[in-house]
1. I'd like the full set of residues that are surrounded by 13 or more Cβ atoms within 10 Å (Cβ to Cβ) and among the charged types (D, E, K, R), limited to the stretch 176-211.
2. Among the residues of the stretch 39-54, write down those that are free of Cβ contacts under 8 Å to residues at least 60 places away in the same chain and either part of a loop (DSSP other than H, G, I, E, B) or surrounded by 19 or more Cβ atoms within 10 Å (Cβ to Cβ) (or both).
3. I'd like the full set of residues that are modelled with pLDDT under 95 and in contact with a strand residue (DSSP E or B) (Cβ under 7 Å, 6 or more places away or on another chain), limited to the stretch 32-58.
4. Would a scan of the stretch 15-24 turn up a residue that is assigned to a strand (DSSP E or B), in contact with a Pro (Cβ under 6 Å, 6 or more places away or on another chain) and within 19 Å of Ile210 (Cβ to Cβ)?
5. With (1) without any contact (Cβ under 8 Å) to a residue 40 or more places away in the chain; (2) surrounded by fewer than 21 Cβ atoms within 10 Å (Cβ to Cβ); (3) not acidic (Asp, Glu) as the list, and Pro156 as the residue in question, which single condition is left unmet?
6. Going by the structure shown, is Val21 modelled with pLDDT under 95 and either among the charged types (D, E, K, R) or more than 20 Å from Cys131 (Cβ to Cβ) (or both)?
7. Would it be correct to say that Glu27 is acidic (Asp, Glu) and either surrounded by 18 or more Cβ atoms within 10 Å (Cβ to Cβ) or modelled with pLDDT under 95 (or both)?
8. Being outside any helix (DSSP H, G or I) and surrounded by 15 or more Cβ atoms within 10 Å (Cβ to Cβ) narrows it down to one residue among Leu173, Leu151, Leu136; which is it?
Amino acid sequence: MGDFTEEKIKIPFVKKFLDAVLSVPKEHSGVLDSVILTHGAGGDMNLAHLVSLSGYLASNGLLCLRFTCKGLNLVYRTRAYKAVVTYLKSCEDYQIGGFFLAGRSMGSRAAACVMRTACEEDDSLVHGLICLSYPLHAPNAKGKLRDEDILQITKPTLFISGTKDNMCDKALLLKTIGKIKAPVKIHWIENANHGMSAKGTSQNDVMMEINEQTFSWIKDTLKP
């Protein structure tokens with residue numbers, strides 16, 4: 001398991017529970033910064049990219065909570081994400097100093113919805129937003145952008161997208177972030193599609209690039 005341990009947990013949500021996993025650094029004391037992470041419209045929290053990122057972050061001292069919430073209803077997914085935030089804030093097993101909201105594809109839209117609320121409420125525990133393969137528009141529908149939440153964000157934001165993503169045109173994302181008031185960084189995965197498969201590059205190499213870029217940005221964001 002490396003320098004972290006994993007714990008399966010159940011998070012209360014609408015008369016049932018969300019399946020989740022806590023990846024916890026083995027060597028930790030005092031306050032822990034953390035990352036909440038969820039999947040896109042398909043799959044679940046055991047998607048290889050999410051498992052890899054959770055393990056990498058935990059090995060580098062960050063608590064990572066990844067969870068499963070299936071369905072294509074963004075309102076429902078956002079409510080589930082908020083339930084996870086509430087859980088982490090009230091967690092008595094660890095002293096949480098703050099957290100980053102993160103997600104892949106539709107999961108990043110849900111994270112952005114929650115981040116918008118956090119910005120409006122000036123929630124000091126929320127450090128920033130991490131969007132992996134943010135679906136700025138539907139395939140072949142570049143005229144209708146899904147930018148209503150990210151345009152309202154005032155906290156640091158990281159986008160990691162593939163240059164061949166058919167749901168996030170490079171020029172449109174660059175134009176969109178020019179309107180965001182928050183500090184924003186984009187990291188492009190060369191030749192990667194929406195699923196982060198890149199011709200000529202192994203999945204392991206792509207995952208390591210995502211992991212390293214995410215952790216580096218988190219470290220820079222947390223600097224006093």
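1. Across the stretch 176-211, the qualifying residues are Lys185, Glu190, Glu209.
2. Gly42, Gly43, Asp44, Met45, Asn46, Leu47, Leu50, Ser54
3. Within the stretch 32-58, Leu32 is the sole residue that qualifies.
4. Scanning the stretch 15-24 turns up no residue that is assigned to a strand (DSSP E or B), in contact with a Pro (Cβ under 6 Å, 6 or more places away or on another chain) and within 19 Å of Ile210 (Cβ to Cβ).
5. Going through (1) without any contact (Cβ under 8 Å) to a residue 40 or more places away in the chain; (2) surrounded by fewer than 21 Cβ atoms within 10 Å (Cβ to Cβ); (3) not acidic (Asp, Glu) one by one, Pro156 breaks only (1).
6. No; evaluated as a whole, the condition is false for this residue.
7. So Glu27 fits the description; yes.
8. Criteria check complete, one pass: Leu136.
The values are calculated or read from the model by the stated rules, or taken from the named source; none is laboratory data. Because the structure is a prediction, the values reported are computed rather than measured. Quick reminder, even Gly has a Cβ in these numbers, built from the backbone with ideal geometry, and neighbours come from all protein chains shown.
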